[in-house]
1. Straight-line reach from A:Lys89: which lysines fall under 25 Å, measuring Cα to Cα and dropping same-chain residues less than 8 apart?
2. Subtracting the Cα-Cα distance from 0.36 nm times the residue separation, let me have the gained length for B:Thr466 to B:Phe454 in nm, one decimal.
3. Work through the residues other than B:Glu533 whose Cβ is under 9 Å from its Cβ and net out their charges, Lys, Arg +1 and Asp, Glu -1.
4. Out of B:Ala508, B:Met62, B:His196, whose Cα points farthest toward the positive end of the dipole of chain B (charges: +1 Lys, Arg; -1 Asp, Glu; placed on Cβ)?
5. Can you give the charge dipole size of region A:65-203 about its Cα centre, rounded to the nearest 20 debye, using +1 on the beta carbon of Lys and Arg and -1 on the beta carbon of Asp and Glu?
6. Less than 13 Å apart at the alpha-carbon level, and either on another chain or at least 8 residues along: which aspartates and glutamates does that give for B:Lys166?
7. Show which aspartates and glutamates lie in cross-link reach of B:Lys502 when reach means a straight Cα distance below 19 angstrom and same-chain residues fewer than eight apart are skipped.
8. Using the number of other C-beta atoms within 10 angstrom as an exposure proxy, rank A:Ile158, B:Ile619 with the fewest first.
Amino acid sequence: MDALRERPVLDVSGLPTVAFGRSNTTWLANVFYMMIEGTMFALLIASYFYLRTRTSNWPPANLPPTLSWGVINGIVFLVSLVPARYAQKVAPTGDRAKIRFALMGLAAFAVLNMVLRGFELANLNCRWYESAYGSAVWSIMGLHCGHLITEFVETVVILAVAFTDKMEGTRLVDVAINSDYWYFVVASALVSDFVVYGAARFL
Amino acid sequence: MALSEPIVIPQASDLERLARAWAQPRGFWGWFMNVHHTAIGVRFMVTSFIFLLLGGILAALMRWQLARPEHGVLGPDLYNQIFTIHGSTMIFLFAVPMMFQGFGVYLVPLLCGTRNIAFPRLNAFSYYIYVVGGLLLWVGLLVKTGADAGWFSYVPLSGPEFTPGKRSDFWAQMITFTEVSALGVAISIAATILRHRAPGMTLNRMPVILWEKLTVAIMVIFAMPAVMVVSSMLLMDRTINTQFFNPAVGGDVLLYQHLFWFFGHPEVYIIFLPGTAIISTLVPVFSRRHIYGYIPIVCSVVATGFLGFGVWVHHMFATGLPQISESFFTAASLMIVIPTATQFFCWIATIWHGRLQLRLPMLWVFGFFFVFLIGGLSGVMLASVPVDWQVHDSFFVVAHFHYVLIGGALFPMFAGLYHWIPKITGRMMNEGLGKVHFWLFFIGFNMTFFTMHFLGLRGMPRRVYTYTPEMHWGALNTLATTGVGFMAAGIIVFLVNFFDNKASGRLAGPNPWSGGSLEWATASPPPPYNFAELPTVNGREALWDAEPNQPIVRGLREDIPEVLVTHSLDSDPEYREESPGPSIWPFLTSIAVSIAFIWSIFSPWGIAYGAIPVVITLIAWLWPRGHSPARRELERREEPWTR
Ligand code: HEM
């Protein structure tokens, strides 16, 4: 043990305890999570097109999903990027009032998206038990709804934290990462819409 | 962070503070709250070993049934359940949880020189969810609802039409459980390797086994979603009448196979890579020199990861599906020839130019060489189409893939266990008993499975519960079954050795094998904070290459569990992070998730209602408690976000 006495040290006590952006471990985990979920989407979409090649009438005996609700929701998704980006910007400042404002905006958009999603589901013009087409459409939409709801709950919980004095340090990083996840939800919504509404019409 | 001048070693009081900060909870509930990676890693190993024993018991039952023609031990229905549960247990509940999760969770943080795994609670959650999945499959078997459509449960056989009842649903949800578990661990392990390596351990100095764990983690991240998707589709076809696999309304049974093998191909490598990484770790230690060909070996490991998916592409587009189910293990073993041969040559060169010490772990390494080589040879035979036609779906195939799987997983596993048990328990295993174990197992294994090659050549089909005396397969089958007795005896010797070791083995000390990687830089078993002094690294074998005055890391807090986060590539220190402490919520969340999953077998509403407790437990898990130490510290430094 005596030898240890002589060893030089690398002193890390001056390092920060909070890191935003790419060097953050949770940020990395979120990327992995999005890779997993992105693979799920990719596989469901691949299955959609695979089943598409197995049959001549697509959609079989149905109208394609009604376009209007999908388009409206798609636009709302795009606009929702604004509060998400804003939340990400104010998170590092630690300004709780602004964070609350941003998260409330994000949560409101999520509610709006969910309501519109309800209309979308009602106007898919197919049922999951009718045909493989219906199953494929509903599985893509279903997976996305799962993410939408998850993200909504997450936003609300972080918002609740923002009303306490616990919103500091690594919690601020969570606000920023929550926005990353929202981007993923928006991106996957647009891709899903493209498949569900577009492929049934144009391909 | 300048290197300062020499400092004093930690005072006893520092160590006490560390021990308090990292203390693991005790008592009954404490067991469910513990989130330290050494505890969870050992649990993964012990549990998957128990599943190995259970799967082995099923194997023995099958062999007993097959020992004589028209034997009446198992009927056809039970035989179907037993080979399905045997295969599923071995692949999903033993091989991956042991080789990836068990060894990975225990070793990775130690090899990185850090105090805990990243996301320890997620990691603990993954353990419980795995246990529930395993119980589900086995409780199913015990209540006569054992899955019986083979370990890959093809539709239409496993679909609603041909397998009514709940058998396939139990199988499908077992898959979901075990894959959620593998995914959680993959995230923890990959994040640990990329963010928690000791300063100085650049990518270029990472031990081969870390490269392997990283590769496998990424493979898990891309492959496991496929099997979750496909088993969910199967479940939904069976419970809420989706039509994915129903050709009458546009569904397609081949979709199942496409998706399943998108997982199944990489899965072989997910099982096999950890084994080769153990070999690459042990060979240098017992040859007393650095590994020969570090770069080619690392490239082979990473290349194997890509090949896993490449084989799928090859099959789907070049060969088409019909061949795939038959020559699955064959194609897998053929593709792997180049990277594996590269590794073989590097191992041999290392041994050749080193000073070989034929200790117990090394014996298993040589066992691996031998067994795996035979598996490879029969693979080459299978790859030639005429042979494949002759022995297709016969016991030749069973022999071949057991050579590959047992050679690729079980032999390296025992090598690894004999190597690291001294670290885990602090005591040496008895070499004499270990040798008895090796020879019993080695002889028994070849007796059982080498014989099966001949049975296959004489036309004995797999997955058939009995045969008539006129086939003249009796004698060979008796021989094969006798081998199982030898293997079982070997395992019993191992268990005796293990429990004896825990009670009275010779103390191991920190580094009984004079190994070079960081897990040997701390006491055996490691204290709850892993390292009293956090190491820095100066070469590929951290301990062998250390300077006499290799610096240590100072300045992490000792009153709370804290870990150092470093850069992914060059491992320069970046920031300090609090490591989540013990918590009951990962366990409770796993219970809530289990209820939802199992409920969904019986009613589609299970997922909807079951989600409510999941959300509640998750919030309780993640809700911040008290002021984080980070904040207290920031207040001291008066930084802006303390308003
Ligand atoms: C240690 C002794 C073992 C024995 C005696 C044994 C025996 C058997 C037998 C007799 C069968 C096939 C029966 C049939 O097709 O009629 C079988 C199938 C299988 N075994 Fe093993 N096995 C052992 C270990 C393992 C291990 C360690 C693994 C994997 C890591 C494994 C994986 C499989 C798989 C995947 C199947 C195919 C199941 C199916 O057809 O669905 N086995 N085993």
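1. Cα-Cα hits under 25 Å: A:Lys98, A:Lys166.
2. Gain on stretching B:Thr466 to B:Phe454: 2.6 nm.
3. Within the 9 Å Cβ shell, the charges total +2.
4. The residue sitting most towards the positive pole is B:Ala508.
5. Value, rounded to 20: 200 debye.
6. By straight Cα distance, B:Lys166 reaches B:Asp148, B:Asp237.
7. B:Glu431
8. Sorted ascending by nearby Cβ count, the order is B:Ile619, A:Ile158.
None of the figures in this text is laboratory data; all of them are computed from the coordinates on show. Bear in mind that the values here come from a model prediction, so they are computed numbers and not experimental data. Don't worry about glycine lacking a Cβ; one is built from the backbone with ideal geometry, like all the others, and counts go over all protein chains shown.
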